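Worksheet: one structure, shown below.
The values are calculated or read from the model by the stated rules, or taken from the named source; none is laboratory data. Because the structure is predicted, anything quoted here is derived from the model rather than measured. Neighbour counts are summed over all protein chains in view; Cβ atoms, including those assigned to glycine, are modelled from backbone coordinates with ideal geometry. SASA here: full protein model, heavy atoms, side chains in, ligands and nucleic acids out. Shrake-Rupley method; radii C 1.70, N 1.55, O 1.52, S 1.80 Å.
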Amino acid sequence: MRFENKVVLVTGGTRGIGRACAERFAREGALVVLCGRDAATAARVALEIGPNAEGAACDVTDSASVDTLVAAVEAKHGGIDVLVNNAGIEKNGLLARMKDADWDSVMRTNMTGAFHCCRAAARAMLRKRSGRIINISSVLGLRGQAGQTHYCASKAAIIGFSKAYAREVASRNITVNVVAPGYTVTDMTASIPGAMREDLLKAIPLGRGAESEEIAAAVAFFASDDAAYITGAVLCVDGGLAM
Ligand code: NDP
């Protein structure tokens, strides 16, 4: 019960890695607020997780939507102790044919969304002089992937952003760390064609994809007291893919 009396906000908590994070924090005693773009879906998932989970609608690309959610959580629960910036999308496409809208939506969700959430949640964390922020990047932000320049750029940006922000808030006892998952079995990766999946698996030293729970374990570590002296770090949870 490492997170008893803690309030945790997980963006993109309706499925995949975000849902696994929400389940993990709830299991360890936290009050978890998970969000996705659809209120009914978020509410259903929270109900499935249990009494210490709440679902809320929030589109992280919209700063007003984020500010409203954060204000509501703070008003109801007295603050946010842990923020997990997990909401993300990916799109495939070679750069030469990439549409502006695809570039913009990937950057706005994966990078600008985390900025909106950090800015909103930090106000109370700064006042309280305590907080934990965990941003979800990707090994693809470190090693690149053809057909995903926008996704890789957004995930590399998250790392630079986190290191800079970690320096800004360190004196207020707020840590900012990054978890960089490798190939993880979720809806996001379900559409990878079979042959490509086989090649991907062959490149992973541990020979398999991650389960979402394995990513959630790293996120929970950064949120725990055991990680109190770690900030600006990037932890790859990737079966050795990026080494
Ligand atoms: P999924 O596609 O399974 O889930 C994505 C989540 O993000 C959903 O809960 C979705 O909720 C939410 N979301 C998407 N856009 C928005 C938005 N604008 N506002 C709020 N919520 C949003 O993805 P994964 O679980 O696979 O990925 C989670 C994170 O991990 C992402 O940042 C991804 O880039 C990263 N990652 C994933 C890897 C993998 O192999 N799966 C590898 C490396 C990194 P809803 O649709 O209900 O709005």
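Report those helices (runs of 4 or more DSSP H) wholly inside the stretch 142-219 carrying at least 3 residues which are touching a Leu at 6+ places or on another chain (Cβ under 8 Å) and under 30 Å from Asp100 (Cβ atoms).
149-169
Only residues that are among the hydrophobic types (A, V, I, L, M, F, W, C) and open to solvent by less than 60 Å² (accessible area, probe 1.4 Å): list them for the stretch 38-47, please.
Across the stretch 38-47, the qualifying residues are Ala39, Ala42, Ala43, Val45, Ala46.
Of the residues Val7, Val60, Val45, which is more than 23 Å from Ser191 (Cα to Cα) and within 15 Å of the ligand (Cβ to nearest atom)?
Val60
Quick check on this structure: which one of Gly160, Gly182 is within 12 Å of the ligand (Cβ to nearest atom), at pLDDT 95 or above, under 22 Å from Gly12 (Cβ atoms) and not hydroxyl-bearing (Ser, Thr, Tyr)?
Exactly one residue qualifies, and that residue is Gly182.
Quick one: which of Glu90, Glu23, Glu74 is without any contact (Cβ under 8 Å) to a residue 60 or more places away in the chain and open to solvent by 30 Å² or more (accessible area, probe 1.4 Å)?
Testing whether each residue is without any contact (Cβ under 8 Å) to a residue 60 or more places away in the chain and open to solvent by 30 Å² or more (accessible area, probe 1.4 Å) leaves just Glu74.
Only one of (1) open to solvent by less than 50 Å² (accessible area, probe 1.4 Å); (2) touching a residue at least 24 places away in the same chain (Cβ under 8 Å); (3) aliphatic (A, V, I, L, M) is not met by Ala56, so which one is it?
(2)
Which of the following residues is within 15 Å of the ligand (Cβ to nearest atom) and either of a type in the set (D, E, K, R) or at pLDDT 95 or above (or both): Gly232, Gly209?
Gly209
If you check Gly50, Gly29, which single one turns out to be surrounded by fewer than 16 Cβ atoms within 10 Å (Cβ to Cβ), of a type outside the set (Lys, Arg) and within 20 Å of Ile215 (Cα to Cα)?
Exactly one of Gly50, Gly29 is surrounded by fewer than 16 Cβ atoms within 10 Å (Cβ to Cβ), of a type outside the set (Lys, Arg) and within 20 Å of Ile215 (Cα to Cα), namely Gly29.
So, of the residues in the stretch 93-126 that are in a loop (DSSP other than H, G, I, E, B) and either closer than 19 Å to Phe161 by Cβ or at pLDDT 95 or above (or both), which turns out to be most open to solvent (accessible area, probe 1.4 Å)?
Residue satisfying both the conditions and the ranking: Lys99.
Would you call Leu69 open to solvent by 50 Å² or more (accessible area, probe 1.4 Å), within 12 Å of the ligand (Cβ to nearest atom) and either within 23 Å of Ala20 (Cβ to Cβ) or of a type in the set (Gly, Ala, Ser) (or both)?
No, not satisfied.
Quick check on my filter: what residues within the stretch 132-174 are in contact with a Gly (Cβ under 8 Å, 6 or more places away or on another chain), among the β-branched types (Val, Ile, Thr) and either open to solvent by 20 Å² or more (accessible area, probe 1.4 Å) or closer than 13 Å to Val234 by Cβ (or both)?
Passing the criteria: Ile136, Val139, Ile158, Ile159.
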